[in-house]
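*Asks:* Here's a structure for you.
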Amino acid sequence: MASKLIAPSVLAADFANLQRDIEMINASEADWFHIDIMDGVFVPNISFGMPVLKAITKHTKKTVDVHLMIVNPDQYIQTFADLGSDILTVHYEACTHLNRTLQAIKAAGMKAGVALNPHTNINVLEDTINAIDMVCIMSVNPGFGGQSFIENTYNKVKQLKHLITKKGASTLIEIDGGVTNKNAKQLVDAGADVLVAGSYVFGAENPTETVKDLKALANS
């Protein structure tokens, strides 16, 4: 069975010490960097843009998992590829022509992810699941870090896992929001492959140990 992955969310890092926190992720047992790009339109918050992402990817030694919480993601696909993104995740709710967007992401040499807001039903991916490398289930309302976990997430993960199996797809399931040592095992048991952890990791006294413990828990 493939190892379950941990992706610390850079949004929760200390922006005044960004390089230090990036080096911490590089040296830890984390598998990916999860980077949220917000535009203040699709979500009520603005995170970092291209220059900061460029500075981050200069130092990353692991997979760069970029989560776009923006309107019109299509117009930036090539830009994010050029900036060193390995996986590019767009929101289902922001894509009028999802299939075309997925094709464009892959054509730019990246893996294609689709994120679903908490209120969006899994069924909307019925027709595209075989073209999706990863589905990111939002387990909090997107836009702000540090929110509490939405309990219905377990059901959604199970439904999504069922859809992936039914369609014979090899799509990974990523959980984003409110992941801690309290729900990590339950999420993996429900079918999750990748756990994004933000404030739980960066707010910890020892982030490296916290990542290690989370990784062990997810793979126990």
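The values are calculated or read from the model by the stated rules, or taken from the named source; none is laboratory data. The structure displayed is predicted, hence computed values, not measured ones. Please note: Cβ atoms are built from the backbone with ideal geometry, for glycine as well, and neighbour counts cover all protein chains shown.
*Asks:* Looking for whichever is touching a Ser or Thr at 6+ places or on another chain (Cβ under 7 Å), assigned to a helix (DSSP H, G or I) and surrounded by fewer than 19 Cβ atoms within 10 Å (Cβ to Cβ) here; the options are ASN99, ASN130. Which one fits? Talk me through it step by step, then tell me what you get.
*Replies:* Working: ASN130 fails: touching a Ser or Thr at 6+ places or on another chain (Cβ under 7 Å).
Within the list ASN99, ASN130, the selection yields ASN99.
Conditions (1) under 24 Å from ASN155 (Cα atoms); (2) modelled with pLDDT of 95 or more; (3) aromatic (Phe, Trp, Tyr), marked per residue:
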site	(1), (2), (3)
ASP14	no, no, no
ASN45	no, no, no
TYR76	no, yes, yes
ASN99	no, yes, no
ILE105	no, yes, no
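*Asks:* Could you tell me which of the residues ALA218, ALA184 is within 14 Å of PRO8 (Cβ to Cβ) and in contact (Cβ under 8 Å) with a residue 60 or more places away in the chain? Don't jump to the end; show me each part of the working.
*Replies:* On the way: ALA184 fails: in contact (Cβ under 8 Å) with a residue 60 or more places away in the chain.
Answer to the check: ALA218.
The rows are residues; the columns are (1) without any contact (Cβ under 8 Å) to a residue 40 or more places away in the chain; (2) among the hydroxyl-bearing types (Ser, Thr, Tyr); (3) on the phi > 0 side of the Ramachandran plot.
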{"residue": "ILE129", "(1), (2), (3)": "no, no, no"}
{"residue": "MET138", "(1), (2), (3)": "yes, no, no"}
{"residue": "GLY143", "(1), (2), (3)": "no, no, yes"}
{"residue": "SER148", "(1), (2), (3)": "yes, yes, no"}
{"residue": "GLU151", "(1), (2), (3)": "yes, no, no"}
{"residue": "VAL157", "(1), (2), (3)": "yes, no, no"}
{"residue": "LYS161", "(1), (2), (3)": "yes, no, no"}
{"residue": "ILE164", "(1), (2), (3)": "yes, no, no"}
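*Asks:* Filter region 149-175 down to residues that are among the basic types (Lys, Arg) and farther than 19 Å from ASP133 by Cβ, then give me how many there are.
*Replies:* The total comes to 1.
*Asks:* Right, here's the next one. So, of the residues in region 200-218 that are within 19 Å of the chain's Cα centre (by Cα) and small (Gly, Ala, Ser), which turns out to be farthest from SER148 (Cα to Cα)?
*Replies:* Within region 200-218, the match that is farthest from SER148 (Cα to Cα) is ALA218.
*Asks:* When the residues of region 172-181 are narrowed to those that are free of Cβ contacts under 8 Å to residues at least 40 places away in the same chain and among the β-branched types (Val, Ile, Thr), which ends up surrounded by the fewest Cβ atoms within 10 Å (Cβ to Cβ)?
*Replies:* So, considering only residues that are free of Cβ contacts under 8 Å to residues at least 40 places away in the same chain and among the β-branched types (Val, Ile, Thr), the one surrounded by the fewest Cβ atoms within 10 Å (Cβ to Cβ) is THR180.
*Asks:* Which pairs have Cβ atoms under 6 Å, sit 6 or more apart or on different chains, and link a residue in region 29-50 that is touching a residue at least 40 places away in the same chain (Cβ under 8 Å) to one that is of a type in the set (Asp, Glu)?
*Replies:* TRP32/ASP65; HIS34/ASP65
*Asks:* Taking the conditions exactly as written (part of a helix (DSSP H, G or I), in contact (Cβ under 8 Å) with a residue 40 or more places away in the chain and surrounded by 21 or more Cβ atoms within 10 Å (Cβ to Cβ)), does ILE56 satisfy them or not?
*Replies:* yes
*Asks:* Also, I was wondering about something else. Mind checking whether some residue in region 188-203 is more than 25 Å from MET24 (Cα to Cα), crowded, with 17+ Cβ neighbours inside 10 Å and in contact with a strand residue (DSSP E or B) (Cβ under 6 Å, 6 or more places away or on another chain)?
*Replies:* yes
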